[in-house]
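Engineer: Let me give you the structure first, and then I'll get to my questions.
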Amino acid sequence: MADDVLLENYVGGAWVRAEAPDFLEVPDPSTGRLLARVPRSGATDVDTAVAAARAAFPAWRDVPVAERARRILTLRQLLETHYDELVRSVVRENGKTAEEARGSVRRGIEAVEFAASAPTTMQGAFLEDVSAGVDTTLLRQPLGVVVGITPFNFPVMIPLWMAPLALVCGNSFILKPSERVPLSAVLLARLIGEAGFPAGTFNLVHGDAAAVDALLTHPGVDAVSFVGSAPTARHVYTTAAAHGKRVQALAGAKNHIVVMPDADLDRSVPAIVSSAFGQSGERCLAGSVVLAVDPVGDGLVARLAETVRTLAVGPAGEAGTAVGPVIRADHRARVLKWIQEGEAGGAQVAARGAVPSTADGYYVAPVLFDRVRPDMAIAQEEIFGPVLAVVRVPSLDEALLTANRSRFGNSAVIFTRDGKAAREFVHRIEAGMVGVNIGVPAPAAYFPFVGWKGSFYGDLHATGRDAVEFYTRKKVVTTRWF
Ligand code: NAD
């Protein structure tokens with residue numbers, strides 16, 4: 001693709017120029033080199049997409065669910081065929097390493113596989129004789145037009161959490177991908193078109209806040225699935241709900257890793273480092289605070305520091321890179337500010353990695369902080385970069401109190417050999433996705449992705465049966481035959 005390509009929206013089964021005159025540049029975060037330009041679609045572009053989705057809905061919802069599921073299976077096959085291309089796209093525009101990108105695309109395909117089970121998961125219920133000669137049937141029907149608004153950190157996986165399941169449930173769908181990673185979405189739109197979904201059932205509208213706001217307030221939109229940062233999630237949830245839409249909004253995180261004195265450090269340390277520094281810390285399930293339960297602290301910090309110092313930071317596509325760039329120069333500046341704030345606040349830098357001196361990309365040297373106080377901002381705010389804070393605590397009780405004070409509750413994990421401590425942790429921790437001796441406890445696509453507290457706004461979660469419930473509404477029919 002030529003660098004000056006201005007991307008097009010995909011509406012009603014055709015690629016169309018956005019009417020909005022404005023655009024943003026899309027650089028490769030590993031090099032700073034321009035990859036494309038993305039239009040900042042406005043209300044008129046959104047209007048056209050919603051009209052196309054509404055027009056496609058009545059015929060699509062009448063396509064038998066087994067036939068809709070077959071299109072999903074065709075899409076799955078196309079995703080397998082184009083797997084390497086999707087991986088390259090994620091490496092190039094997001095800055096994940098090839099291994100990280102492969103994993104994320106694979107998890108996206110798993111969500112497509114789950115969507116194909118709609119003939120089972122959409123089933124309702126029937127009860128004979130609720131009264132003499134009276135029967136009740138519960139049906140699940142599609143909502144209409146569903147919008148998906150996605151973040152930069154999983155350019156393929158998160159759109160695949162949403163679009164296939166919404167479509168197989170009989171809805172039409174509009175994707176507004178992150179303006180920072182629009183190229184993988186273009187590829188997905190192409191494959192969804194090839195899979196034979198009728199024109200207008202899947203649409204792609206590029207843009208940023210203006211496009212989002214037009215979608216949230218549009219009378220032709222029935223439901224909104226959102227994944228992104230906490231302030232945007234709050235805005236999306238309140239605005240869309242105020243306009244009468246069903247909303248699920250997955251938000252930011254600050255995830256705790258409890259390390260007990262009996263933990264197997266040989267296995268725990270690599271898992272902790274991968275959780276905190278993998279994908280440059282740009283993961284909503286990244287562990288970012290270690291709660292080291294006495295007396296594990298000194299030994300643990302020494303082992304973590306040893307590994308962090310040797311992490312190879314470099315271009316995402318280069319063999320041997322362990323930590324790629326962060327997404328943009330302004331994001332790097334924010335991460336560096338958090339690091340400065342941690343140092344100024346008295347946290348000890350136990351280890352600092354190195355960045356390539358010649359590269360033009362957006363690199364941050366990984367930092368391990370020790371003796372962080374739980375009330376420090378670096379222990380409370382989402383940094384979304386390669387920074388890990390170690391807080392020393394005297395007991396599991398104190399670890400639980402500290403983690404549970406967080407306003408977020410996406411995930412939390414414990415490393416231990418003690419079943420009783422693990423059980424206590426699972427029982428008392430106030431987070432929705434919990435791991436025992438697992439660095440990143442990401443649920444498989446047939447389970448819900450369960451954020452708690454400030455990490456989620458809504459009732460029904462993404463993926464799994466929750467998502468089937470979200471993309472359908474129930475109808476209860478009471479029948480008597482004379
Ligand atoms: P973001 O909030 O900046 O953007 C997400 C989407 O919202 C994008 O499509 C963007 O165009 C749109 N947007 C941004 N600002 C907006 C505004 N003011 N008004 C309307 N729309 C707006 O998020 P991001 O930086 O792309 O993604 C990273 C964040 O997403 C992190 O906070 C991370 O924790 C979170 N995240 C959460 C989960 C989860 O499951 N909870 C998963 C992945 C990422």
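The values are calculated or read from the model by the stated rules, or taken from the named source; none is laboratory data. Just so it is clear, the structure is predicted and the values come from calculations on it, not from any experiment. Note: ideal-geometry Cβ built from the backbone for every residue, glycine included; neighbour counts use all protein chains shown. Accessible surface is based on the protein model in full, side chains and every heavy atom, while ligands, DNA and RNA are left aside. Shrake-Rupley method; radii C 1.70, N 1.55, O 1.52, S 1.80 Å.
Engineer: Restricting to segment 407-435, count the residues that are open to solvent by 20 Å² or more (accessible area, probe 1.4 Å) and touching a residue at least 40 places away in the same chain (Cβ under 8 Å).
Structural biologist: Residues of segment 407-435 that are open to solvent by 20 Å² or more (accessible area, probe 1.4 Å), as a first pass: 407, 417-420, 423-424, 426-428, 430, 432, 434.
Within this subset, residues satisfying the condition of being touching a residue at least 40 places away in the same chain (Cβ under 8 Å) are 407, 417-418.
Here the count works out to 3.
Engineer: Sticking with this one: Which one of these is under 25 Å from ARG102 (Cα atoms) and surrounded by fewer than 19 Cβ atoms within 10 Å (Cβ to Cβ): ARG303, ARG267?
Structural biologist: On the way: ARG303 fails: under 25 Å from ARG102 (Cα atoms).
Checking each option against the conditions leaves just ARG267.
For (1) open to solvent by less than 30 Å² (accessible area, probe 1.4 Å); (2) in the same structural domain as GLY207 (by TED's automatic domain parsing); (3) touching a residue at least 60 places away in the same chain (Cβ under 8 Å), each residue gets a yes or a no:
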site: PHE23; (1), (2), (3): no, yes, no
site: ALA36; (1), (2), (3): yes, yes, yes
site: ARG40; (1), (2), (3): no, yes, yes
site: VAL50; (1), (2), (3): yes, yes, yes
site: PRO58; (1), (2), (3): no, yes, no
site: GLU80; (1), (2), (3): no, yes, no
site: THR97; (1), (2), (3): yes, yes, yes
site: ARG102; (1), (2), (3): no, yes, no
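Engineer: Still on this model: Given the condition more than 12 Å from the ligand (Cβ to nearest atom), touching a Pro at 6+ places or on another chain (Cβ under 6 Å), at pLDDT 95 or above and open to solvent by less than 20 Å² (accessible area, probe 1.4 Å), answer yes or no: does some residue in segment 147-165 qualify?
Structural biologist: We begin by selecting, within segment 147-165, every residue more than 12 Å from the ligand (Cβ to nearest atom); these are 156, 160, 163-165.
In the following step, the residues that additionally are touching a Pro at 6+ places or on another chain (Cβ under 6 Å) were identified as none.
No.
Engineer: Please go through segment 344-382 and give me each residue that is in a helix (DSSP H, G or I) and not hydrophobic (A, V, I, L, M, F, W, C), ordered by number. Show your work before the answer.
Structural biologist: Start the filter on segment 344-382 by keeping residues that are in a helix (DSSP H, G or I), which leaves 344, 377-380.
Scanning segment 344-382 gives a single hit, GLN380.
Engineer: Another one. Criterion first (open to solvent by less than 10 Å² (accessible area, probe 1.4 Å) and assigned by TED's automatic domain parsing to the domain that holds ALA52) does THR201 satisfy it?
Structural biologist: Values: open to solvent by less than 10 Å² (accessible area, probe 1.4 Å): yes; assigned by TED's automatic domain parsing to the domain that holds ALA52: yes.
Taking the combined requirement at face value, the residue satisfies it.
Engineer: Which pairs do you get when a residue that is in the same structural domain as LEU167 (by TED's automatic domain parsing), found in segment 459-478, comes within reach of a residue that is among the hydrophobic types (A, V, I, L, M, F, W, C) and surrounded by fewer than 17 Cβ atoms within 10 Å (Cβ to Cβ), reach meaning Cβ atoms under 6 angstrom, with the pair 6+ apart or on two chains?
Structural biologist: GLY464/PHE447; LYS474/LEU138; LYS475/LEU139; VAL476/LEU138
Engineer: So, in segment 218-233, of the ones that are touching a strand residue (DSSP E or B) at 6+ places or on another chain (Cβ under 9 Å), within 8 Å of the ligand (Cβ to nearest atom) and not aromatic (Phe, Trp, Tyr), which residue ends up most open to solvent (accessible area, probe 1.4 Å)?
Structural biologist: Step one: filter segment 218-233 for residues touching a strand residue (DSSP E or B) at 6+ places or on another chain (Cβ under 9 Å), giving 218, 220-228, 230, 232-233.
Adding the requirement that they be within 8 Å of the ligand (Cβ to nearest atom) leaves 226-228, 230, 232-233.
Next cut, not aromatic (Phe, Trp, Tyr) only: 227-228, 230, 232-233.
On the way: VAL227: 17, GLY228: 18, ALA230: 12, THR232: 57, ALA233: 0 Å².
So, considering only residues that are touching a strand residue (DSSP E or B) at 6+ places or on another chain (Cβ under 9 Å), within 8 Å of the ligand (Cβ to nearest atom) and not aromatic (Phe, Trp, Tyr), the one most open to solvent (accessible area, probe 1.4 Å) is THR232.
Engineer: Here is a check on your reading of the model: is ILE438 aliphatic (A, V, I, L, M) and either surrounded by fewer than 20 Cβ atoms within 10 Å (Cβ to Cβ) or within 15 Å of the chain's Cα centre (by Cα) (or both)? Give the derivation first.
Structural biologist: Values: aliphatic (A, V, I, L, M): yes; either surrounded by fewer than 20 Cβ atoms within 10 Å (Cβ to Cβ) or within 15 Å of the chain's Cα centre (by Cα) (or both): yes.
Yes: the conditions hold for ILE438.
Engineer: Pairs only if they're at least six apart or on different chains, beta carbon under 7 angstrom, first in segment 132-161 and within 22 Å of VAL247 (Cβ to Cβ), second in a helix (DSSP H, G or I) and of a type in the set (Lys, Arg); list them, first residue then second.
Structural biologist: PRO142/ARG61; VAL145/ARG54; MET157/ARG107
Engineer: Next question, about the same structure. From the list LEU250, LEU215, which residue is open to solvent by less than 20 Å² (accessible area, probe 1.4 Å) and more than 7 Å from the ligand (Cβ to nearest atom)? Let's see the steps before the verdict.
Structural biologist: On the way: LEU250 fails: more than 7 Å from the ligand (Cβ to nearest atom).
Exactly one residue qualifies, and that residue is LEU215.
Engineer: From the list VAL259, VAL236, exactly one residue is within 14 Å of the ligand (Cβ to nearest atom), modelled with pLDDT of 95 or more and within 24 Å of GLY451 (Cα to Cα). Which is it? Working first, answer last.
Structural biologist: Values: VAL259 fails: within 14 Å of the ligand (Cβ to nearest atom).
Every option except VAL236 fails the conditions.
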